[in-house]
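A short write-up of the structure that comes next.
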Amino acid sequence: MSQTIKTTFQLPIGPIHPALKEPVAFEFEIDGEQIIDVNVTLGHVHRAIEWAARKRNPIQVLYLAERICGICSYCHPMAFALAVERIADVEVPEHAQFLRVIHAEIERMCSHILWAGVAAHEIGFDSVLFLTWEIREKLLDLTEYLVGNRVTKAITMIGGVRRDITPEMYPKIKETLQYLKDSFEKLRRVYLEDKTFKMRTKGCGILTKEEALKLVAAGPTTRASGVKKDVRVDQSYFAYCDLDIDYMTPDILTGEVNGDVYDRIIVRLLEVKQSISLIEQCLEQMPPGPIVSEPKIAKLLAKLKKVDGEGIGRMEAPRGEVFHYVKLNANEYIYAWKVRAPTYNNIMPWIPMLKNQQIADIPIVAASTDPCMSCTNRIIMIEDKKTFILGKEELHQRSIQKTRRLHL
Amino acid sequence: MRFSMLPQVFVQMFKKPFTNKFPAKYTPSSTTKFVEKIQNGTVTIHPPVPIPEHFRGKIRYDKDKCIGCKLCIKVCPSEAIEFKEEEKKIKIFLARCTFCSQCNDICPVSCLSMSDDFLLADTDKYSKNLIVE
Ligand code: SF4
Ligand code: SF4
């Protein structure tokens, strides 16, 4: 009597993934459409940025740090500056502390709105993608107006910032904030009330509070699971201690925490609202004063050349805590530099999130932790020695088809 | 609402497009001819979105003012600046430049500044347009 043996399939994704900062390889074990198990491997591409820094002085490294990520082009150099300031005992003027908050919050809003668009795209809802990115465009215009460029801000300086925000600039900032507030209601209705969104995101990619704590998830991903963790509140830096700020968890809006993709949308939308309020508070409370502690850069460089020691810089990037370690050894160049971006923490939580989900949910679940993640994956399926490739397009099509199916 | 995006989509259909059609409203069939026409003034280009006041574009260099102190070379993160020993002047390769304007900030005689010129695309990274000296 012959017996049927049921087996599962292996389905690798990655490791080359252009949309991610860190290329990553997934290995899925699937049974039909269902994901039974998933394994994630990291470390495929090392850009040697930290090594490149060893041939540069701290001022040059600011711009190198800016290029770690295009979306976080402010928090990386800032975290680096925080570390160097700690080593060299540089006091940042109060006015600059407020300016730093304003830039950080603008970046957070840009990132969250960008992410919201990507999330819509992943479930095949492209009209929403264009709506959200239109809103983001206004924020990029504001960024350009304040710092001189849309993406690479080049605003960080050790001991402060490089450009002031003067009262003549307030009307433009306020106008953009007003536009955001008006558009916020539009976004809220689309993301939180639309049937399509609810069907695709509720109960999908659940990360429980226990898992979030155990796997040390960071940023909105962990807050959506109900973990109260935010560097801005826990370890107040910049001028956050003077501002009214609290942890954003989904229960503020719905009264319950599910830890699913829907909750991650809620948290990010709430944080956009919080950022608007933080910038408004900054504009009100900002005291006048210098923007940087040492305006003469040559002098600052000479000072940094003499310091010896190590320090860390932590701040809340849009995706979670970013951590920089710097060591200087009384030399012109940096001795050591280590960066830990929040995505690192948010990779392990993918495993509990993806288990028992369907293949069509991979894009939205993976994207729900990281705004950069778009499904440029390539899947190679090997079945009976025949190889076929599930490319980005087909994976995307599957996702769209699932949305359609649910509507029937 | 069941499909809260629907009304928005209808509104969007009748709205003016958000995108600025720069430099031409429709793609010209021949780019070279289009450029020629612009040069002899038969067509005008669609204006770009206005550039904010402190935009960081192509670097301007006031060669006569430069004292050859090499400070800009010291802070340039991308090693885009070369020092010309005989003349004691600098040469900036814009193809490497990241437009951070750090060289502008450190220059003791303020001979460097950022212009609002952003049209810098070129097929040759050593073209005249991309070297400032
Ligand atoms: S703008 Fe920045 S990258 Fe460009 S030449 Fe000056 S210092 Fe170098
Ligand atoms: S810092 Fe200014 S003066 Fe010195 S070499 Fe550079 S351009 Fe010339």
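Computed from the coordinates by the stated procedures, all read-outs in this text should not be read as laboratory data. Owing to the predicted nature of the structure, the values given are computational and were not obtained by experimental measurement. In this analysis, Cβ positions are derived from the backbone assuming ideal geometry, glycine residues included, and neighbour counts consider all displayed protein chains.
Structural remarks
- Rh by Kirkwood over Cα pairs, then Stokes-Einstein D for segment A:49-344 at 0.692 mPa s and 37 °C, µm²/s: 166
- Relative to its Kirkwood radius, the Cα radius of gyration of segment B:1-50 gives an Rg/Rh of 1.27.
- From largest to smallest, the equivalent ellipsoid semi-axes obtained for the protein assembly as shown from the alpha-carbon gyration tensor read 41, 29, 26 Å.
- Across A:Lys172, A:Lys327, A:Lys355, mean-square fluctuation computed from a Gaussian network of chain A (C-alpha pairs under 10 Å connected) peaks at A:Lys172.
- Here the residues A:Tyr63, A:Tyr247, B:Tyr26, ranked from fewest to most Cβ neighbours within 10 Å of their Cβ, fall in the order B:Tyr26, A:Tyr247, A:Tyr63.
- Pairs from A:Lys198/A:Lys402; B:Lys37/B:Lys91; A:Lys306/B:Lys74; A:Lys209/A:Lys355; A:Lys55/B:Lys88; A:Lys228/A:Lys338 whose Cα-Cα separation, in the structure shown, is over 22 Å: B:Lys37/B:Lys91; A:Lys55/B:Lys88; A:Lys228/A:Lys338
- Across segment A:49-344, the mean sequence separation of Cα contacts (distance under 8 Å, 6 or more residues apart), normalised by length, yields a relative contact order of 29 percent.
- Order of A:Cys69, B:Cys72 under a 10 Å beta carbon neighbour criterion, fewest first: A:Cys69, B:Cys72
- Label-point separation in nm, B:Lys84 to A:Lys174, each point 7 Å along Cα→Cβ: 5.1
- Per residue, chain A reaches -14000 deg cm²/dmol at 222 nm when only DSSP H runs of four or more residues are counted, each adding -39500 (n - 2.57).
- Segment B:1-125, relative contact order [Cα under 8 Å, separation at least 6], %: 24
- For the peptide A:185-192, the mean number of other protein chain Cβ atoms found within 10 angstrom of a residue's Cβ is 2.
- Dividing the alpha-carbon radius of gyration of segment A:1-157 by the rule-of-thumb value 2.2 N^0.38 Å gives 1.44.
- Rounded FRET efficiency, nearest 0.05, which uses the C-beta distance separating A:Asp164 from A:Asn331 and R0 of 35 Å: 0.60
- Among A:Trp337, A:Trp51, A:Trp115, the residue with the largest mean-square fluctuation in a Gaussian network model of chain A, with springs joining Cα atoms closer than 10 Å, is A:Trp51.
- Protection-proxy order for peptides A:34-40, A:120-126, each taking the mean of Cβ atoms within 10 Å per residue, highest first: A:120-126, A:34-40
- Pairs from the table (A:Lys172/B:Lys21; A:Lys195/A:Lys229; B:Lys58/B:Lys84) lying more than 26 angstrom apart at Cα are A:Lys195/A:Lys229.
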